[in-house]
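Notes follow once the structure below has been shown.
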Amino acid sequence: MWDQRYATEEYVYGTEPNAFLAEAVADLKPPGRVLCLAEGEGRNAVFLAQRGFDVLAVDASGVGLAKAEVLARQRGVRIATEIADLDGYSIEPGAWDLIVSIFCHLPAAMRRRLHAQVAQGLRPGGRLILEAYTPAQLAFGTGGPPDATLMVTLPSLRTELPGLRFEWARECERDVHEGRLHSGRGAVVQLIASRPEGA
């Protein structure tokens, strides 16, 4: 499905970064190693590379990641890419300064397994930046999966990310204008969480 969605010259989610991510990383210094989950066509990975981060973009779609590499070349930066199904993906423990999950919508059991690895994958002091649609998004119909079970809530994140300190966490409505497929008012959960030093 994702290969078919990305098989166009158009960047269906745009080429500019997710607005919440761009704001959240504004004060992150120095840049470090970043893992971008379900990165698709690369807009967030390329943005982070432009800011000096060492980025690995992971996605199940080779078509999407090929477009990510094109975008990186156009912007004069380099990113690493890895084609992988997140259902069986292993995150290296204690390896990442930043993990990014933007509109990564997975079945609940798969998401719980992945989030447990995310919590362990951060270095002490490392951060997770996440934005996803909540089930309330179904009333807007402006993007995201048409299935509430694939969406995320703040209470579920609190149970799925053990050991992380939630620095910023909220469910809210905001205007999302990120390409043709994310366009209009949306209901989202936003999270910045960190692994405590010494953890």
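The values are calculated or read from the model by the stated rules, or taken from the named source; none is laboratory data. In this text, all values refer to a predicted model and were calculated from it rather than measured experimentally. Every residue, glycine among them, receives a Cβ derived from its backbone with ideal geometry; neighbour counts consider all protein chains shown.
Of the residues in region 118-153, how many are charged (D, E, K, R), under 29 Å from PRO196 (Cα atoms) and surrounded by fewer than 20 Cβ atoms within 10 Å (Cβ to Cβ)?
Number of matching residues: 1.
Just the residues that are within 17 Å of VAL176 (Cα to Cα), not aliphatic (A, V, I, L, M) and not in a strand (DSSP E or B), please, taken from region 117-143.
THR134, PRO135, GLN137, PHE140, GLY141, THR142, GLY143
Condition check ((1) at pLDDT 95 or above; (2) under 18 Å from ALA68 (Cα atoms); (3) touching a Ser or Thr at 6+ places or on another chain (Cβ under 6 Å)) across all residues:
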position: MET1; (1), (2), (3): no, yes, no
position: PRO17; (1), (2), (3): yes, yes, no
position: LYS29; (1), (2), (3): no, no, no
position: LEU35; (1), (2), (3): yes, yes, no
position: GLU41; (1), (2), (3): yes, yes, no
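Out of THR153, THR159, THR142, THR134, report the one residue that is over 16 Å from the mean Cα position of the chain (by Cα), among the β-branched types (Val, Ile, Thr) and within 21 Å of PRO107 (Cβ to Cβ).
The conditions single out THR159.
Filter region 6-55 down to the residues that are in a loop (DSSP other than H, G, I, E, B), buried (at least 16 other Cβ atoms within 10 Å of the Cβ) and of a type in the set (A, V, I, L, M, F, W, C) and list them by number.
VAL12, VAL25, LEU28, ALA38, PHE53
Mind checking whether some residue in region 99-110 is in contact with an Asp or Glu (Cβ under 6 Å, 6 or more places away or on another chain) and surrounded by fewer than 17 Cβ atoms within 10 Å (Cβ to Cβ)?
Yes, because at least one residue in region 99-110 is in contact with an Asp or Glu (Cβ under 6 Å, 6 or more places away or on another chain) and surrounded by fewer than 17 Cβ atoms within 10 Å (Cβ to Cβ).
For every residue, the table says whether it meets (1) free of Cβ contacts under 8 Å to residues at least 24 places away in the same chain; (2) at positive phi; (3) among the aromatic types (Phe, Trp, Tyr).
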site	(1), (2), (3)
ARG75	no, no, no
GLU82	no, no, no
GLY94	no, yes, no
PHE103	no, yes, yes
MET110	no, no, no
HIS115	no, no, no
ALA119	no, no, no
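Can you report the number of residues in region 65-77 which are loosely packed, with under 12 Cβ neighbours inside 10 Å and in a loop (DSSP other than H, G, I, E, B)?
Of the residues in region 65-77, 1 are loosely packed, with under 12 Cβ neighbours inside 10 Å and in a loop (DSSP other than H, G, I, E, B).
Please go through region 154-172 and give me each residue that is surrounded by 12 or more Cβ atoms within 10 Å (Cβ to Cβ) and assigned to a helix (DSSP H, G or I), ordered by number.
Once the filter is applied, which keeps residues that are surrounded by 12 or more Cβ atoms within 10 Å (Cβ to Cβ) and assigned to a helix (DSSP H, G or I), region 154-172 yields LEU154, SER156, LEU157, ARG158, GLU160.
Yes or no: VAL70 at pLDDT 95 or above, among the β-branched types (Val, Ile, Thr) and farther than 16 Å from LEU35 by Cα?
Yes.
Listed here are the residues, each with its yes/no results for (1) free of Cβ contacts under 8 Å to residues at least 24 places away in the same chain; (2) among the charged types (D, E, K, R); (3) closer than 27 Å to VAL12 by Cα.
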position	(1), (2), (3)
LEU122	no, no, no
THR149	no, no, yes
ARG158	yes, yes, no
HIS182	no, no, yes
LEU191	no, no, yes
